[in-house]
Each structure stands twice: as C-alpha cells, then as structure tokens.
1. Using a simple charge model, +1 on the beta-carbon of Lys and Arg, -1 on the beta-carbon of Asp and Glu, nothing else, what dipole does the chain show about its Cα centre, in debye to the nearest 20?
2. Based on the Cβ-Cβ distance of H171 and E207, what FRET efficiency does E = 1/(1 + (r/R0)^6) give at R0 = 30 Å, to the nearest 0.05?
3. To check you understand DSSP bridge types, tell me what percent of the beta bridges within segment 46-135 (both residues inside) are antiparallel, rounded to 5.
4. Taking other Cβ within 10 Å of each residue's Cβ, how do E8, E160 sort, fewest first?
5. Among the helices of the chain (complete DSSP H runs), which have Cα atoms covering no less than 15 Å along the helix axis and a Kyte-Doolittle mean of at least 1.0?
6. Neighbouring Cβ atoms within 10 Å as the yardstick, rank R96, R41 fewest first.
7. Per 0.36 nm of contour for each residue apart, how much would the distance between A189 and T117 grow if the chain were fully extended, relative to their Cα-Cα spacing?
8. Let me know the shape class of segment 102-208, please: from the alpha-carbon gyration tensor, a ≥ b ≥ c as square roots of the eigenvalues, rounded when a/c is under 1.5, otherwise prolate if a/b is greater than b/c, or oblate.
Amino acid sequence: MAIKDTPEEWTVTASTTPFTGNKTSVRTDEVVMPDGATVTRDYQVHPGSVAVLALDDEGRVLVLKQYRHPVRMKLWEIPAGLLDVPGENPLHAAQRELYEEAHVKAEDWRVLTDVYTTPGGCDEAVRIFLARNLSEAEGERFEVAEEEADMELARVPQDELVRGVLAGELHNNCLVVGVLALTAAQRGAGLDALRPADAPWPARPFEA
C-alpha cells in the first residue's frame, strides 16, 4: 500500500466567514460526515507561506530569532513569509524573504518539503526550500519594522539545531521540519536528489 496523502472533499451544506483580518480569515463550514451527520468546523483561511533553509558551505543554517506574540516567546526560525498574491510563484516569494530578512541570495534552490502546519484548524500550506551557494545580496538592506526590527541573525551548525529540536529547545515548525528533513535527505539519496525548485505544488498552484 502506498503511504500517500490523497485529495478528498466532503459535502459542505453552508459556509460563512465570521471574521476577516488583514491577511487571514476564519471560516465556518457545515460539513456532512460519512455517517450522514452534519457538523460545524471552524478554521483559519490562510494564503500560504514559504520558508527557506539556507545552508552555507560550512554546514551552518541561517536562522533568525523573532518575537511571536501568540506564544509569548522569541523563537529561532528560518526565513519565511506569506504568499502575498494568489498564484504567486513560491520560489520568487522565497527568494524575496531570504533577501528581506537576511540580505542573502542563493544560487542553488531545491524543494525540501511541503507541509500543512495545523490541518485540524487552518488550511495554511508551507513550501520549505533548501537554498545553497549563499552570498551577500547586493544593494541596501531591506528596511524592517515591527517584530522584524528586533530580529537577531545567526548561522548555526546543523547538528546543533538537530540537538536543540530533539531536546525540546527549538519549537518553530518550519525550523523543526526543515532541519530534520535536511538531515534525512543527506542520509538518504542526497540533496541533489531533492525536487527542483519549480516542482508542482497542488496545495497552492502557481504560474511558472
């Protein structure tokens, strides 16, 4: 049996949007269950995101420490951001985030993995890229504001991040998934066997 997620959509008899924010909204659906019962499901509607695991030639990962108000913590994360426009090419968005948050560019891009962050309560899909052959970006640094104005930037050995994940010291989902997927890929077919940067993404279809 192939272990593979498959598309499926149960009947929705009614749908409302009780809250609409700047970037996301909340939707309430009345969903028909397999036994015929109808239940209410509330979930966050999200445009989708990209994240970048940037790996330098010394085996270090570029990470940022940023305040996250909902969890009242400063978390070490990898560069990430929203898909600002429906149908936006995720690679272009990832390149933009790496430039804006770290003032870095990369010559080699691969798809590391695709995830749904919290599928029980949110439809957010994230594509995590692997970026290699790093160098400083040209021009002036992007002007940051709000939480990003207080960010710390570091390059941390991959093994130290894996240790921190398993010790329960690092919690950001893209960082956790990214470094563990990187380690698995290295121990498997190798990084060059990862999907190309323009691989299809059914969760968030895009134009080339």
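Quick note: the coordinates plus some simple rules give every number you see, no bench work behind them. Quick caveat: nothing in here was measured; it's all calculated off a predicted structure. Because the Cβ atoms are built from the backbone with ideal geometry, glycine has one as well, and the counts that use them run over all protein chains shown.
1. On the way: 20 positive and 36 negative charges, 103 e Å.
In debye, rounded to 20, the chain gives about 500.
2. On the way: r = 34 Å, r/R0 = 1.14.
My answer for the efficiency is 0.30.
3. Details: 19 of 25 bridges.
Bridges in segment 46-135 are about 75 percent antiparallel.
4. Working: E8 5, E160 13.
Ranked by crowding around the Cβ, least crowded first: E8, E160.
5. Working: long enough: 90-102 (17 Å, -0.89); 173-187 (21 Å, 1.29).
Taking the DSSP H segments of the chain (at least 15 Å long, mean hydropathy at least 1.0), we get 173-187.
6. Working: R96 17, R41 14.
Ranking R96, R41 by Cβ neighbours within 10 Å, fewest first, gives R41, R96.
7. On the way: separation 72, 0.36 × 72 = 25.92 nm, distance 2.55 nm.
Here the segment from A189 to T117 would lengthen by 23.4 nm.
8. On the way: a/c = 1.18, a/b = 1.11, b/c = 1.06.
Rounded, because the longest to shortest axis ratio a/c is under 1.5.
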